[in-house]
């Protein structure tokens, strides 16, 4: 995938790492439908491109994303006349949720590099990303109740899983500003970095994934961990792990992983996410589990 430039989102692929940059710095990257569509397009292309091993999402300028673009005032949230319907034409769907669900479905690990304020959809879009790093001056907020709204972008599912029910409810009910140190202490972000060190730190994690791990195994592990958050019993994990271990055990990637370990060299995995996923994938679309 060559480097791309759109009006509001930049994307660039460098040695297996795709960096997506929100690019409305004069508006603190206030979010628009154009940005959502561009991000979804980038993720679609990343999933199709086997040379993409990891994705980084960051913002240009001083902010990560200041939330929805509210230049139209309260009319920005009156969707009655511009309803986004599902394929059956019946279900009204939240714009931010379309993005977070697309991130959730991604087969490549997604790393957030939060360079500044992340508010509203700027905060909720982070929740389905796998690893979240932030600059020391970053701030976060889920201000929906302060605007007369409710949480969006599937955050009522993601946020309690990220930081626990008690903290999630406090943040949502108050809508208050969350400093970087509190975000770190809560587990919302993994680590804090000086602004100039943020992207290098994110790239170092992406580089380790790209250089050392089987892309097929990473894609499967990502979905296994996320999907099991909603499982009723560990037996569900046992069953799918057992099935995938059987299939992966026959793969060339396993032979290469073991051989490279004994030869004390970096592995050269040949498995491709686009072509070599196990027959069990995607298991959540099957009825794998019996009632007993």
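Kindly state which helices (runs of 4 or more DSSP H) lie completely within the range 149-225 and contain at least 2 residues that are out of contact with any strand residue (DSSP E or B) (no Cβ under 9 Å at 6 or more places or on another chain).
Result: 155-163, 165-174, 195-212.
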List pairs: first residue in the range 148-171 and assigned by TED's automatic domain parsing to the domain that holds residue 130, second residue assigned to a loop (DSSP other than H, G, I, E, B) and surrounded by fewer than 20 Cβ atoms within 10 Å (Cβ to Cβ) anywhere in the structure, Cβ distance under 6 angstrom, at least six positions apart or on different chains.
152/94; 161/229; 163/187
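Yes/no per residue for (1) more than 26 Å from residue 269 (Cβ to Cβ); (2) assigned by TED's automatic domain parsing to the domain that holds residue 265; (3) surrounded by 15 or more Cβ atoms within 10 Å (Cβ to Cβ); (4) touching a residue at least 60 places away in the same chain (Cβ under 8 Å):
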| position | (1), (2), (3), (4) |
| --- | --- |
| 192 | yes, no, yes, no |
| 195 | yes, no, no, yes |
| 198 | yes, no, yes, yes |
| 206 | no, no, yes, yes |
| 219 | no, yes, yes, yes |
| 230 | yes, yes, no, no |
| 234 | yes, yes, no, no |
| 245 | no, yes, no, no |
Answer yes if at least one residue in the range 278-290 is at pLDDT below 95, over 26 Å from residue 47 (Cβ atoms) and either surrounded by fewer than 16 Cβ atoms within 10 Å (Cβ to Cβ) or in contact with a strand residue (DSSP E or B) (Cβ under 7 Å, 6 or more places away or on another chain) (or both), and no otherwise.
yes
The lone condition residue 146 fails out of (1) closer than 16 Å to residue 21 by Cβ; (2) outside any loop (DSSP other than H, G, I, E, B) is (1)
Selection count where residues are over 15 Å from the mean Cα position of the chain (by Cα) and surrounded by 14 or more Cβ atoms within 10 Å (Cβ to Cβ), scope the range 180-190:
5
Of the residues 107, 100, only one is at pLDDT 95 or above, out of contact with any strand residue (DSSP E or B) (no Cβ under 9 Å at 6 or more places or on another chain), part of a helix (DSSP H, G or I) and under 28 Å from residue 13 (Cα atoms); which?
100
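Quick check, is residue 267 outside the structural domain of residue 107 (by TED's automatic domain parsing) and on the phi < 0 side of the Ramachandran plot?
Numbers: outside the structural domain of residue 107 (by TED's automatic domain parsing): yes; on the phi < 0 side of the Ramachandran plot: yes.
Yes; evaluated as a whole, the condition is true for this residue.
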If you check every pair at least six apart or on different chains, which have Cβ atoms under 7 Å apart with a residue in the range 25-38 that is in the same structural domain as residue 98 (by TED's automatic domain parsing) first and a residue that is assigned to a helix (DSSP H, G or I) second?
31/121; 31/122; 33/95; 36/95; 36/98; 36/99
Are any residues in the range 257-282 touching a residue at least 40 places away in the same chain (Cβ under 8 Å) and not in a loop (DSSP other than H, G, I, E, B), and if so, which ones?
257
Looking at residue 226 and the list (1) surrounded by 10 or more Cβ atoms within 10 Å (Cβ to Cβ); (2) touching a helix residue (DSSP H, G or I) at 6+ places or on another chain (Cβ under 6 Å); (3) in contact (Cβ under 8 Å) with a residue 60 or more places away in the chain; (4) more than 22 Å from residue 51 (Cβ to Cβ), which single condition is not satisfied?
(2)
How many of the residues making up the range 17-48 are under 17 Å from the mean Cα position of the chain (by Cα) and either within 15 Å of residue 108 (Cα to Cα) or in a helix (DSSP H, G or I) (or both)?
18
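The values are calculated or read from the model by the stated rules, or taken from the named source; none is laboratory data. What you are looking at is a predicted structure, and each value in this text was computed from that prediction instead of being measured. Methodologically, a virtual Cβ is constructed for each residue, glycine included, from the backbone with ideal geometry; neighbour enumeration extends over all protein chains shown.
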